[in-house]
Structures are given as C-alpha cells and as structure tokens.
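No lab work stands behind these numbers, since they all come straight from the coordinates. Note that the structure is predicted; figures quoted are calculated from it, not measured. Note: ideal-geometry Cβ built from the backbone for every residue, glycine included; neighbour counts use all protein chains shown.
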Amino acid sequence: AHSCVLYTIFINSLAKFLRASGHDLGITSSGTLALHLAFADDVAAPGSDPLRVQRHLRLIEEWATAWGHTVKVGPKKTAIMHFPVPGKRRRGDPAAAPAPALPVITLASDAVVPWVEAYKYLGCILTPCLNHAPILDAIIGRISSTTTRFFGFNSVTARLDNASKAQLLKCAFSPYLLALVPPTKGNINRLQ
C-alpha cells in the first residue's frame, strides 16, 4: 500500500540531485526552466547542446549508481534525439545544408548512447517535427477502447449517464493528456 509513496520519495531524489548539481542543465522556454520531465519511471532530460546533454546524463548515471541501479542504453532505453530549431531545415532534408556530425555521448563506462530519429516516451512516438496528430489519434483510440472495457463490464459504471462518464474520463485522463500534447484549442476540441 505504501509502494507508490515510497517510489515517489525515491524518484524525487533525482530531481533534487539534479537541481543541487548545477543550473546549466535543462532548457528554458518562456522563462520556465525544465531540468527533466518525469512520469513514474520514465525520465526525459532536455538539453540545449551536446556538452550539457553529456553532463546531464553523467549526473543521472551518478545518481543511479548511488542507488544501486545502472543506466541501460539503446533505442528503446536511453537514447538521444535532436530537435531542430523551429523553422530551420531538418537533418536529412535534401534541401538542407550539410549538418555537422552529431557528437558521441557516452556513459562513464564508455557505452555509447545512440542518436535516434524517433523515440517512444509515455507510450507515444516522438519525432523531431513534433507532429501531435498521430499522438492524439493514438490517445483517442486508447480512450475509446478503455471506455468500452471500463464502462461495458462494470455494473456501477454501466448505469452512469453519458455526462457522468465524460466527467469521470476527464478526471482520469486529463493530467496524462496534458503531459503529452499542448493544451491548444484545436487539441482540446479533438479530445472533446
């Protein structure tokens, strides 16, 4: 019964460790500093240049080692993705100027962290263009199937009117949805 609280205390020590280890980590957007993004045991660590990414990764690795864990690398575990500045041409675009080589980022063990073109984070595929339409389609599909399973077989929820079902879904899914897609008017309308 206490495992959720204990895990929250444990994983929150990562955030405290990163904050105590330096203010040059993370990215700043609209005056807000994002050191890392965390949901349960999934952590994303944004950085504005490869040297910061390397430092951030080494700090996460240091924290993990102190807690008896290891950082695993690979396209489905720990990987790096480049997000170009909006409006600039993407790496691999034939009309783009040749992009500089991506630097090698390693763990303390010299394990190389791979650069990837797509990464699955919190069940959604992220790509450098940050197109939210496929993410919204996947979320809407999961909500539809979960609604059928949840409301179709539970005798209490099956008797709820549609407005009550909608309110229950909003309470359960809203925090999750807002972590995945920006709450723009268009996205909110599609989810409604």
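So how long is each side of segment 10-49 along the principal axes, counting just the alpha-carbon atoms, biggest first, in Å?
Result, largest extent first: 28, 19, 18 Å.
What is the spin-label model distance, in nm, from T70 to S30 if the labels are put 7 Å beyond Cα along the C-beta direction?
Reported label-point gap for T70 and S30 is 4.2 nm.
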